[in-house]
1. Express the relative contact order of the stretch 2-191 as a whole percentage, based on alpha carbon pairs under 8 Å and six or more residues apart in sequence.
2. I'd like the distance separating the alpha-carbon centroids of the stretch 31-104 and the stretch 291-321, in whole Å.
3. Compute a Gaussian network model of the chain, connecting alpha carbons closer than 10 Å, and tell me which residue from 228, 145, 266 fluctuates the most.
4. Based only on other Cβ atoms within 10 Å, what is the fewest-to-most ordering of 352, 335, 275, 132?
5. Quick one: compute the contact order of the stretch 1-107, relative version, from alpha carbon pairs under 8 angstrom and 6+ residues apart, as a percent.
6. Starting from 0.36 nm per residue, how many nanometres of slack lie between residue 272 and residue 308 once their C-alpha separation is accounted for?
7. How far is it, in nm, from the label point at residue 18 to the one at residue 53 when both lie 7 Å from their Cα along the line to the Cβ?
8. Calculated from the structure, P(r) over Cα pairs in 10 Å bins from 0, in percent equals which of [x] 5, 24, 33, 22, 9, 4, 2, 0; [y] 6, 26, 38, 24, 6, 0; [z] 5, 22, 30, 25, 14, 4, 1, 0?
């Protein structure tokens, strides 16, 4: 729906608009979780209502090589990657952008809730105006060249306004739910899906005192801060009265890769779940160069409020952040994204934390 309203807004502004439908996943594509055929029928119906041409392109090979292979490598290494970040950088704003330029397009446009501003010859990535839908976190790896060719029309609107426009112009997908799940793969039972592609070895689940509470199904299937699906109950201390903490929820706090042990703790604010500092690598800055050391705000996960921090220079390939307040469940493999007010500066992949 966001892409459809994007196309409508651009037509209203006088642009010549062509729709591109990307097929990026072919394994079990006929399943209930990810049928591109059904999605293409929806897209074609939208194009018909809008009066625009639509082209079907296949980037499945690029997606598998550039995004999915890295996704699996990270999980196999015990980290939790963010496929949406890589997918935007490698597919939507690289493979798709290159294809559009070959067609003779001047710009590409997507339905992301973000904005681009040109100032003094540089292009800035800004947060979307709807704070509940801002997607700049997922776009932080975009370069000057990519930003210079990109439009985000719905980034100027709130989601409620986008839905109103969709219904007003009679779009057939006006009430369609937002897509979730793995980028271009869909919403499916994650453990079952991952199980097809990576080796896994069950092992012990232990608490912060070394007590064995159960068995995990493979470290790759768990992420820091996870509460659901652990399959363990409370541990009652000898002589403790009923209700004295033994039924507090358990959270994944650490992965001991050498011993194949999943470490869990009780209580949302257990010290093992809190981090004051982090280091990140594999950096990407929208301006092309790192921002100077100093005070900024950062997110260590999507839908997190901006948090005040101090940026330390860490060389060309990495940086360190020191937060004013401890951060919850900082997760290796996720992105630490830096902001200066409404400007998204870029970020890197979280490695170590303290």
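1. 25 percent.
2. Their Cα centres are 29 Å away from one another.
3. 228
4. Result, fewest neighbours first: 132, 352, 275, 335.
5. 24
6. Result: 10.9 nm gained on full extension.
7. 0.5
8. [z]
Throughout, read-outs are computed from the coordinates displayed, never taken from laboratory work. Since the structure is predicted, the reported quantities are computational estimates derived from the model, not experimental observations. Cβ: placed from backbone, ideal geometry, glycine included. Neighbour counts: every protein chain shown.
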